[in-house]
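The structure appears right after this line, and notes come after that.
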Amino acid sequence: MEIIDKKMNCSICGKEIIVTVTSIGVTHQMIEGFVCEDCYRERLKELREKVEDEKFERIKEFMKSDKETLKREVETKEPTPEVQGQC
């Protein structure tokens, strides 16, 4: 197995990058989808923000439904008679 450094272009911005690959299974295939570190970090940042936004929306919806559930429980709960102390 031979390790090869290949010059390629970032699939997002086109910047030239060096990709280290092994000679097994890649000699007859076109290698695609490699990105430079800057594009990788930017995409990772976007994905993190998207996940945080989705997480916030799910929590907000849960809190809203939980509030409605508690409100219904309070409205449907019948008052319990108070027990008077005996002398």
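What to note about this one:
- Along the range 35-44 the Karplus relation, 6.51 cos²θ - 1.76 cosθ + 1.60 evaluated at θ = phi - 60°, assigns HN-Hα couplings of 10, 6, 5, 5, 5, 4, 5, 5, 5, 4 Hz to successive residues, with x for each Gly and Pro.
- Each residue of the range 52-61 is assigned a 3J(HN,Hα), and the resulting list reads 5, 5, 5, 4, 4, 5, 5, 5, 4, 5 Hz, derived from the Karplus form 6.51 cos²θ - 1.76 cosθ + 1.60 (θ = phi - 60°), x at Gly and Pro.
Rule-based calculations on the coordinates, nothing more; no lab input. If you're wondering where the values come from, they're calculated on a predicted model, not measured in any experiment.
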